[in-house]
Amino acid sequence: MSKVSKEDALKYHSEGKAGKIEVIPTKPYSTQRDLSLAYTPGVAEPCLEIEQDAEKAYEYTAKGNLVAVISNGTAVLGLGDIGALAGKPVMEGKGLLFKIFAGIDVFDIEVNEKDPDKFIAAVKAISPTFGGINLEDIKAPECFEIETRLKEELNIPVMHDDQHGTAIISGAGLLNALDIQGKKIEEAKLVVNGAGAAASSCTKLYMGLGIKKENIVMVDSKGVISTSRTDLSPAKKQFATERTDIKTLADAMRGADIFLGLSVADVLTTEMVQSMNEKPIVFALANPNPEISYDKAMASRKDLIFATGRSDYPNQINNVLGFPYIFRGALDVRATAINEEMKLAATYAIAKLTKEPVPDVVNSAYGIKRLSFGPEYIIPKALDPRLLTAVAPAVAKAAMDSGVAQHHITDWDAYNDRLKKLMGYDNKMLREFTEMARKEPKRVVFAEANHANMLQAASTAMKEGICKPILLGNDELIGKLAESIGVDLSGMQIINLRHPNEEDRRIRYAQLLTEKRQREGMTYAEAHEKMFDRNYFGMMMVEAGEADAFITGTYSKYAETIQIAKEVIGIREGYKHFGAMHIMNTKCGTYFLADTLINRKPTTETLIDIAKLSYDSVRFFAKDPVIAMVSYSNFGSDNQGSPLRVHEAIKILHEQYPEIIIDGEMQMNFALNNKLRDKSYPFNKLKGQDVNTLIFPNLSSANSAYKLLDTLGITETIGPIQMGLNKPIHFTDVESSTRDIVNLTTVAVVDAIVQEQIEKENR
């Protein structure tokens, strides 16, 4: 988990446009006609339609995809009652999570009112604006009354996430933990430490899953909540035990199967854990520090399944696994409520997803170990891209089955496809890569550290926890450049590759390169001379294991660096060529383009290698590759030049690699329009499928295509991503911005992490 300083946090929230969210138009507005339709006089027409039928608001306004995140700031994180305005950054953050994980728009509403009646009146008054309401950071016991009354008095989904989010996610984890431990839920004995909103909601949901009331003991700051106590609120009375033999948490823990902590740090001792039944389950969810530390808990006994709310330990109970997708499903069927059936459906869906094979991109994001259902993986990871299509449909179906849906989904395949395309321009993949890199930052060589953009990128990447930079170049010149652009060089290694002090390293690298290429005519003298070149030297650092990845390109020409990469690093076994891919995130979905950088005039053999490399790369990104090889002709209509080479490549791929879903050659409009393609060429092997991977006949067309999309602002771009070299060597463009180089650095680190894992598995 990367460390965040006060300075970094404040800079993040203030830099550029203040805050974390904004409103953007969804309709054209460039002409007078557009404005006349958007406002007066055209806007009168949908107003009149809604006046006649309120349901038309879902058709003519943003109501159906708009959630209010509402708080009075009385229980903000662990900060307490800090006031409505002070809680606004949290509400904006919640809005950001809704958007990036489920494509839901949010207005954050901070209500400066602690009186429940007045707060409820305010929320009711603004409720026509929204398709759903997420209550947030409201203290107990007022939060119970507020949620209950709003659910009764409004006909849109209302959920207090602090209560139900934790319940749903921990409930999914509990089901899986019980399964692993071989215990029946109806027989399990539960101890709950804490009696606030989250604890009450968790306990209720667990009862809905099968936990029996007589097997529950809840403990607050005064001891066991029992029927003998006279100081209990109505919320606590419902969980009061009739047992008289227990007074304290230690008493309750003896012979328990499950511990749920939603209280304070360090209240649970090693002895208490040891007093539990065989194969116990401990959910210590106090944040930031759990009721018992991870190390103490795991040392206490070997048969324990342990979960916390922290991201730096296995089994994180994280609300973001639930609320975006629950509201997504509720909104999509215009549910009038989020009921118990929908919560349980979400719980079961999350639990079920955990048992399915984990995509490589998720494995890589969380330490490169192969995640699989078991004691250290009882709940999906927050960055699992499958959560949207697993949870939202389950919630939507539960709403329909329980009678609270006003709109019914009939084509679930189409609905799933729509969910996959929801994210628009949001570069979810880059976020996943960034988190992956932060888990295991690698040593990255920046070959051209005397370029302002590359130096700034190295500094930014280090500050973001993505990598450990190694700067090649004259330390004095780099120092002057750093001073002029305000870059702090602290923590960055500088290597002056041409300095006499580096002669021993140059000799060693030259010897290694000579040994590798002597059968191809390379002499030691020639190899030694090459070590004064930043690209040779930097790539040899990676080859020799003294760095993990390499970035170049702000000064260097592609042709030269490509040749050096072939000499120093070499092409992956089983291939004769390597290539590069750009990932394009558009409103229509994510597309993978190749080869955008390396092969100028590819032969048929080259195109086959590019197709195979692209297939493997897209699969790594948790996508099912559907590949079109594009050209200016369709399926043999032109039998000369590049179309012929593509045609021949397709024939060989179909014969020798039938597992690859690919066809061509075809024009771009046929590649991207499956209805047009299937109608005109019903024999095609992509029938009914949406293409997500485009392989171009030559470098000119591929490079022009991605740069056109990027320049017009139609896409956000990741790349170029090198495919096919033995080590993580990556090339950037001469015109690349600092952010472009940071993104490429992120990709390079991910490449290095994956390469390391492959090498471990092959040993």
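Coordinate-derived values only; no laboratory data. Because the structure is a prediction, the values reported are computed rather than measured. Cβ sites come from the backbone with ideal geometry, for glycine too, and all protein chains shown count toward neighbours.
Observations, loosely collected:
- Percent breakdown of C-alpha pair distances by 10 Å bin, ordered from the shortest bin, for segment 432-568: 12, 41, 33, 12, 2
- Judged by the mean number of other Cβ atoms found within 10 Å, the most tightly packed of the peptides 547-555, 469-477, 200-208, 56-64 leads the ranking 547-555, 200-208, 469-477, 56-64.
- Sorting 269-277, 683-691 by their mean Cβ neighbour count within 10 Å, with the most densely packed peptide first, gives 269-277, 683-691.
- When +1 charges are put on Lys and Arg Cβ atoms and -1 charges on Asp and Glu Cβ atoms, the dipole computed for segment 447-506 relative to its Cα centre reaches about 120 debye.
- Geometric descriptor of the chain, per residue, is 194 Å³ (volume of the convex hull of the Cα atoms).
- Cα principal axis extents for segment 620-721, largest first, Å: 35, 32, 27
- Using Cβ point charges alone (K and R +1, D and E -1), the dipole size of the chain about the Cα centre works out to roughly 820 debye.
- Efficiency of FRET from Cβ geometry, residue 45 and residue 406, R₀ 22 Å, rounded to 0.05: 0.40
- Overall, segment 432-568 carries a charge dipole of about 180 debye about its Cα centre when +1 sits on the Cβ of Lys and Arg and -1 on the Cβ of Asp and Glu, all other atoms neutral.
- By the rule of a C-alpha distance below 13 Å, with chain neighbours fewer than 8 residues away ignored, the aspartates and glutamates paired with residue 56 are 45.
- Over segment 590-647 - Rg/Rh using Cα atoms and the Kirkwood inverse-distance radius: 0.99
- Scoring 698-707, 447-456, 27-36, 741-750 by mean Cβ neighbours within 10 Å over their residues and listing the highest first yields 741-750, 447-456, 698-707, 27-36.
- Here the Debye sum runs over all C-alpha atoms of segment 485-631 as equal scatterers in vacuum, and log10 of I(q)/I(0) at q = 0.09, 0.10, 0.14, 0.17 Å⁻¹ comes out as -0.40, -0.48, -0.85, -1.07.
- Shape of segment 544-652, Cα gyration tensor, a/c cut at 1.5: prolate
- Note on segment 1-151: percent of Cα-Cα distances in each 5 Å bin, starting at 0 and stopping at the bin with the largest distance, equals 2, 8, 14, 16, 17, 15, 12, 9, 5, 2, 1.
- Which listed pairs, of 463/566; 139/237; 651/675, have C-alpha distances above 27 Å, in listed order: 463/566
- Across the alpha-carbon set of segment 287-408, the Rg to Rh ratio works out to 1.05, Rh being the Kirkwood radius.
- Helices in the chain, meaning DSSP H runs of at least 4 residues, each add -39500 (n - 2.57). Divided by all residues, the mean residue ellipticity at 222 nm is -13500 deg cm²/dmol.
- Taking amide H positions as modeled 1.01 Å from N, with prolines and chain starts lacking one, the residues under 5 Å from residue 104 and 5 or more places away or on another chain are 99.
- With the convex hull drawn over the C-alpha atoms of segment 164-319, the volume per residue is 96 Å³.
- Entries in 587/707; 99/623; 27/343; 557/601; 17/151 that, when Cα-Cα distance is taken, lie over 25 Å: 27/343; 17/151
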